[in-house]
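Contents: one structure, followed by commentary.
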There are 2 protein chains.
Amino acid sequence: MATGRTHRPATRSRGIPEATVARLPLYLRALTALSERSVPTVSSEELAAAAGVNSAKLRKDFSYLGSYGTRGVGYDVEYLVYQISRELGLTQDWPVVIVGIGNLGAALANYGGFASRGFRVAALIDADPAMAGRPVAGIPVQHTDELEAIIRDNGVSIGVIATPAGAAQQVCDRLVAAGVTSILNFAPTVLSVPDGVDVRKVDLSIELQILAFHEQRKAGEEAAAGTAAVPAATREQSATDQGPDGDVPAVMPA
Amino acid sequence: MATGRTHRPATRSRGIPEATVARLPLYLRALTALSERSVPTVSSEELAAAAGVNSAKLRKDFSYLGSYGTRGVGYDVEYLVYQISRELGLTQDWPVVIVGIGNLGAALANYGGFASRGFRVAALIDADPAMAGRPVAGIPVQHTDELEAIIRDNGVSIGVIATPAGAAQQVCDRLVAAGVTSILNFAPTVLSVPDGVDVRKVDLSIELQILAFHEQRKAGEEAAAGTAAVPAATREQSATDQGPDGDVPAVMPA
DNA sequence: GTCTGTGAATGGGTTCACAGCT
DNA sequence: AGCTGTGAACCCATTCACAGAC
């Protein structure tokens, strides 16, 4: 779209590196913001700053998708938005179910970022009969008994688990048995799944513990450096590369 | 504690790899579960399975902390729990503030995983005057105006941002100015912070987009492989190595 | 015999630096 | 002259495989 590029993807080889995949949503967000401001083109330097990465990495990442830029000029914003969306599979509609409608489940149901990027909350499911029928974010909560039917009827392939830890594996098993092949797990447990099913986890307390580690380190160094060697420097773009596994999240086909 | 080990940390060199740090909380969780079941020792193989990693990685990780195992036997559970806790800085109390008490903020406030691991919610802060005084998770919400005073009075160094994207940078600036040096950001924005401040981000929609990418890939391959080449295999431990930044989350001193 | 701790080998990802297109 | 695209170098992380401690 936009400037009619005549490129064919060329090296449409298999395999975009996992680390690159994990950054595509970041680029997409930055590009969407530019698009809304009607900015027509952007350089790797500018876009990298907006996404919080360095420009060499960004160019390398884009090189895996194809040659979508123009030397001496930069990237066409609209065109890139389209290419990345397509690559991520966001040009199609993904119905998702959220299981476990506590505070977190409700937060997820209300989260605008889903709907805006091709994800549609097909159903909210909770084990508590008292929740049944009650609407959350305009969607009525259904009972766990309906889980299998909901998955099948809506062709759901992505499930979100926001239950307590104790229930997570059981819910996971049922989701998988019913046909779900991608799971986003917020429960603090290691889920086991069959081959071919992807699991990504988000764990709030783990993130805090990692911060605590660095925080402790800072405190130690400060003490070691005499009294007040506050390094507090000038405001700059933070890199915070938490990538795969916190780290580079390599979602692997289990 | 437990079996009096006489080791000195020996190679107590600087620098545990970031990828290792990101896994320590995982090991700690698995160990805590074993501890509750009063299991005295555990082999690298068993513990690795419980944490969802392979045993070579686990042993290498532990080797960075020191030689805390016993060849031919395994690791003393209690002793390891203590060592990892200490390494992560969880033997001290970390007061945290949560800013933005919507559904997500409330979910975080109610999340048990915090309190159980040395984190104490020192205050909940929201910009909406209507929220002020209302208790969430037993803690009264305070108005944003109080932010600086709360940080200073409680010696808070870790802040959690659960506000809408638009408010996040501003909140971040105020937190940093007031003395916070570690931030966990749930708002879908890139935050810029001065050197010396760590930021980790958790982005729900990014995780879903990564899943969608793999989901799309699966669908494509399935189609390519004729009709129904469902690989669905036997239930096994899922690796799902999402490490740094989704990837290996390298929290870097910005 | 068992299981840890770790050098060596391998593999991915990031960064550098520049050739090549506009 | 400017900015992309990419080989090459570098660095970090994972995996292998075994020596060494129990």
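Structure above, values below:
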read-out: Burial ordering of B:Asp203, A:Asp195, fewest other beta-carbon atoms within 10 Å first; value: A:Asp195, B:Asp203
read-out: Cross-link reach list, aspartates and glutamates versus A:Lys218, counting only Cα pairs under 14 Å and skipping chain neighbours closer than eight places; value: B:Glu87, B:Asp195, B:Asp198
read-out: Inter-copy separations for B:Val39, label at 7 Å along Cα-Cβ, nm, ascending; value: 5.1
read-out: Other protein chain Cβ atoms within 10 Å, averaged over every residue that makes up B:82-95; value: 3
read-out: Relative contact order of the range A:125-176, pairs being alpha-carbon contacts under 8 Å that are 6 or more residues apart, as %; value: 26
read-out: Rounded, prolate or oblate (a/c below 1.5 giving rounded, otherwise prolate when a/b exceeds b/c) for the range A:18-88 by Cα gyration tensor; value: rounded
read-out: Neighbour-count ranking [beta-carbon atoms within 10 angstrom, fewest first] of A:Arg200, B:Arg134; value: B:Arg134, A:Arg200
read-out: For A:Lys201, distant residues with modelled amide H under 5 Å away; value: A:Asn185
read-out: Cα gyration tensor category, rounded, prolate or oblate, for the range A:84-157 with a/c compared to 1.5; value: oblate
read-out: Gyration tensor verdict on the range B:94-201 (Cα atoms; rounded if a/c is under 1.5, prolate if a/b is larger than b/c, oblate otherwise); value: rounded
read-out: Inter-copy label distances at A:Thr91 (7 Å, Cα→Cβ; nm, one decimal); value: 5.7
read-out: Label point 7 Å beyond Cα along the C-beta direction, distances from A:Tyr64 to other copies (nm, shortest first); value: 2.3
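The numbers here are math on the coordinates, done by the rules we state, and not lab data. Bear in mind the structure is a predicted one, so any value in this text is a computation, not a measurement. Quick reminder, even Gly has a Cβ in these numbers, built from the backbone with ideal geometry, and neighbours come from all protein chains shown.
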